[in-house]
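Participant: Below is one structure. I have some questions about it.
Nothing in this text is a laboratory measurement; each read-out follows from the coordinates by a stated rule. For clarity, every value in this text was computed on a predicted model and none was experimentally measured. Positions of Cβ are generated from backbone atoms using ideal geometry, with glycine treated the same way; all protein chains shown enter the neighbour counts.
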Amino acid sequence: MPCKTPLNVRDWPCPDLLNLRFCDAVGLRSFILPLIAIRNRKKGYAVSIIKAGMKVIGRDSGPVRPPLTDLTNSEMAELATLVANLPAAMAKQVAAE
């Protein structure tokens, strides 16, 4: 089945949202919940984390506009680690099926 996701990022398995494979326990624990934890640290981070995520995957969309603030360097490193580990988490889930 071809990927329905508009953008395939690097060599990742297709995160086909219609399939909902990634939305179960492994994906929630390894990516979604940690992402939400970063997002909830500061008001306005819902926008900041999206822009930071785009930067992490090589599609920098610039800084957020004031009064919002960008993620700190340590938060960017946390996000980069989450994104880097995403293919392994997805592969683990696919293997478990």
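Participant: Based on Cβ point charges of +1 for Lys and Arg and -1 for Asp and Glu, what charge dipole magnitude is obtained for region 22-96 about its Cα centre, in debye rounded to the nearest 20?
Facilitator: Numbers: 10 positive and 5 negative charges, 41 e Å.
Using Cβ point charges on Lys, Arg, Asp and Glu, region 22-96 gives about 200 debye.
Participant: Follow-up question, since we're still on this one. Which percent of Cα-Cα pairs in region 22-96 sits in each 5 Å bin, short to long?
Facilitator: For region 22-96, the binned pair fractions read 3, 16, 26, 22, 17, 9, 5, 2, 0 percent.
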